[in-house]
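A short worksheet on the structure shown next.
The values are calculated or read from the model by the stated rules, or taken from the named source; none is laboratory data. What you are looking at is a predicted structure, and each value in this text was computed from that prediction instead of being measured. All Cβ positions, even for glycine, are placed from backbone atoms using ideal geometry, and neighbour counts span all protein chains on display.
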C-alpha cells in the first residue's frame, strides 16, 4: 500500500507489552459478544453497533497514545472506550442503560463518554464528530498540554461535507490531531467501491496538503507503529495526519443487520486475518504456550462476566434526571 510513511518512533513490543495488547483485544471481543447476547434478550435496547473484528485498531492506537491525548469517535465505539481506559463495568452498565454506566445510563451504546480518561465520546451523526475533534485539538494546542486529538471515523464519514471542512481547518492551523479512518469495507450495507470513486480515504488529505498514510490494520503491532508515527508528528507541532486502517467487521452494521450484502465467502476469508489469531501466533513465537493463552482467556472471561453481572444488577437511572442535560437551567 503506497504511503507517505512517517518514521516509527516506538521500539518493538516486548513480550509483556504484546501480552497486554492481546488481553485488551480479548476483553473487547468478549464484552461485545456478551453485549450481543444481552441485546437478543432485550436487556440492551435501541441501537448496538459491535466492533468485533476491528479490535486491533483501537488497542494499537491506545498503545501509541499518551494519557493526555483525547479521543473522539463515532458510534461504533465500545472497543475504543475500553481501549482508552473506560472500565468494562462502566461500558456494559451504560449499554444496559443503568445508573452505574459511564454516562449514568443517559447515553447508551452510541454515546459512551468518560472525561476521566479523556474519552470525549461517541457521536451518532455520521461525520459530525470530525469537526468536534478539530475543536478539541484547538483547545489542546492553546492550553499547551502536549496532547493530541485522535478522531476515529468510518469510510462512510469520509464522504460527508463536515469532514472536508474539518480537514481544511486542521491543516490551516497545524492542529495536533490524527484523523483515523477505520475502513471496514462497508458504510452500513454499501460497499466502499459503490459509495466512492476514491477508495483510499487517506488520499482525501492531499486536497489540503495533509500528511497521509494507508495501512493494513489487522496486526495490532503494526497499528501501534503507524499510529505512533502519526501521533508523534502531530505532537511535535508539524500539523495533522490522516490515516486509513484497512480493517473488517465480522458482524452486521448493527444488531438488526443480517449482512446479506457480503459476497459469498468474504467473511470467512477475512476471518483468516482475525487480529486475535495474528497476535496469538506472535505470542507463541515469543514462547507463550497453551496454558498461558488459556490463563489469559480465563481472566478475561472473569472480567467480562463480572461486567455483565454488574450491569444486570445495577439500578435504573432516576427518571427525574431525564432532561438534566437537555436544557440549561
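When residues of segment 161-176 are filtered for being farther than 27 Å from residue 67 by Cβ and either assigned to a strand (DSSP E or B) or out of contact with any strand residue (DSSP E or B) (no Cβ under 9 Å at 6 or more places or on another chain) (or both), how many remain? Full working, then the answer.
First, the residues of segment 161-176 that are farther than 27 Å from residue 67 by Cβ: 161-165, 168, 172.
Add one more test, that the residue is either assigned to a strand (DSSP E or B) or out of contact with any strand residue (DSSP E or B) (no Cβ under 9 Å at 6 or more places or on another chain) (or both), and what stays is 161-162, 164-165, 168, 172.
Counting residues in segment 161-176 that are farther than 27 Å from residue 67 by Cβ and either assigned to a strand (DSSP E or B) or out of contact with any strand residue (DSSP E or B) (no Cβ under 9 Å at 6 or more places or on another chain) (or both) gives 6.
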### Task
Identify the residue in segment 186-202 that is touching a strand residue (DSSP E or B) at 6+ places or on another chain (Cβ under 8 Å) and not in a loop (DSSP other than H, G, I, E, B) and, among all such residues, is surrounded by the fewest Cβ atoms within 10 Å (Cβ to Cβ).
195
### Query
Inside segment 165-200, can you point out the residues that are over 21 Å from the mean Cα position of the chain (by Cα) and either without any contact (Cβ under 8 Å) to a residue 60 or more places away in the chain or farther than 20 Å from residue 132 by Cβ (or both)?
165, 168, 169, 172, 173, 193, 194, 195, 196, 197, 198
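Counting only residues that are over 17 Å from the mean Cα position of the chain (by Cα), in a helix (DSSP H, G or I) and within 22 Å of residue 160 (Cβ to Cβ), how many does segment 203-233 have? Quick ask: steps written out before the conclusion?
Our first condition is that a residue be over 17 Å from the mean Cα position of the chain (by Cα); within segment 203-233, this holds for 203-213, 229, 232-233.
Adding the requirement that they be in a helix (DSSP H, G or I) leaves 203-208, 229, 232-233.
Within this subset, residues satisfying the condition of being within 22 Å of residue 160 (Cβ to Cβ) are 203-208.
Adding up the residues that qualify gives 6.
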### Task
Please state which of the following conditions residue 97 fails to meet, knowing it meets all the rest: (1) in a helix (DSSP H, G or I); (2) farther than 24 Å from residue 21 by Cα.
(1)
## Note on the structure
Residues of segment 122-146 being crowded, with 23+ Cβ neighbours inside 10 Å and outside any helix (DSSP H, G or I), in sequence order, are 122
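Name every residue in segment 302-328 that is part of a loop (DSSP other than H, G, I, E, B), at pLDDT below 90 and over 27 Å from the mean Cα position of the chain (by Cα), in order of residue number.
Answer for segment 302-328, where residues must be part of a loop (DSSP other than H, G, I, E, B), at pLDDT below 90 and over 27 Å from the mean Cα position of the chain (by Cα): 322, 323, 324, 327, 328.
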### Task
Would you check which residues across segment 34-57 are touching a helix residue (DSSP H, G or I) at 6+ places or on another chain (Cβ under 9 Å), touching a residue at least 60 places away in the same chain (Cβ under 8 Å) and in a helix (DSSP H, G or I) and list them?
34, 35, 38, 39, 55, 56, 57
### Query
Considering only segment 66-89, how many residues are over 13 Å from the mean Cα position of the chain (by Cα) and surrounded by fewer than 23 Cβ atoms within 10 Å (Cβ to Cβ)?
5
### Task
Within segment 235-270, track down each residue that is modelled with pLDDT of 95 or more and touching a helix residue (DSSP H, G or I) at 6+ places or on another chain (Cβ under 8 Å).
239, 240, 241, 242, 243, 244, 245, 247
### Query
Got at least one residue in segment 287-301 being under 30 Å from residue 191 (Cβ atoms), more than 22 Å from the chain's Cα centre (by Cα) and without any contact (Cβ under 8 Å) to a residue 40 or more places away in the chain?
no
